Amino acid sequence: MTSLQSMYQNAQAQRQQMIPTGQTHVVSPQNTPQGQAPQQVVPQAVVVDRVDPAKLMDAWQKYMLKIKESNGQLYGSMGAGPRIASDGVTIELRIASQYEVDNIEKNVELCTFLREATGNNHLVIKAVIDPTIAKQREVVYTATQKLDKMIEKNPKIRDFINDLGLSLS
């Protein structure tokens, strides 16, 4: 099974090969029929279509529905949604942790599904750790942690606790 990281690297290498170098190659005179001048062969650039954002979002929603029941862990990792990078073919997923990066990179089916659904075979997925998402997903377990989160969202709760003379231990 190929990981998304290796697929990403392969796609980058392929895109680099597709960019014309501007150099021409001359066919050897020994291979040219008698009386004809050697021909110049110019490399052809392969056109890479940009990902259509509407098709991507439609495919994304379909994939999310598909994995919601069968792979809840992956579903939770992909909640932030995709962004199209400036190159037009790289899809960036902003996620919370390295564990989720590994989970997404192991899932080759995601890339295959999005490629087929968008009709873009050059599409590449890149998972990027975003600390703001990690903070949003922070899980609280104890009552004190829950209270601290509530006070963080609404500081007036602290005033209310002080006004009532409550002690939290």
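The values are calculated or read from the model by the stated rules, or taken from the named source; none is laboratory data. No experiment lies behind these values; they were computed from the predicted model shown. We place every Cβ from the backbone using ideal geometry, glycine too, and count neighbours over all the protein chains shown. For the accessible areas, the whole protein counts, side chains as well, though only heavy atoms, and no ligand, DNA or RNA atoms are used. Shrake-Rupley method; radii C 1.70, N 1.55, O 1.52, S 1.80 Å.
Across the accessible surface of segment 71-169, with the other protein chains kept in place and a 1.4 Å probe, carbon and sulfur atoms take up 52 percent. Full extension of the chain segment joining Q73 with V128 gains 18.1 nm, where the gain is 0.36 nm per residue of separation less the Cα-Cα distance. Sorting the segments 90-100, 58-68, 143-153 by their residues' average number of neighbouring beta-carbon atoms within 10 angstrom, most packed first, yields 90-100, 58-68, 143-153.
So what are the ³J(HN,Hα) numbers for segment 94-106, from phi and the Karplus equation (6.51, -1.76, 1.60; θ = phi - 60°), rounded to whole Hz, Gly and Pro as x? My calculation for segment 94-106 gives 8, 10, 8, 8, 5, 4, 5, 4, 4, 4, 6, 5, 6 Hz in order. Only lysines eight or more places from K66 in sequence, or on another chain, were considered; those with a Cα closer than 24 Å are K55, K106, K126.
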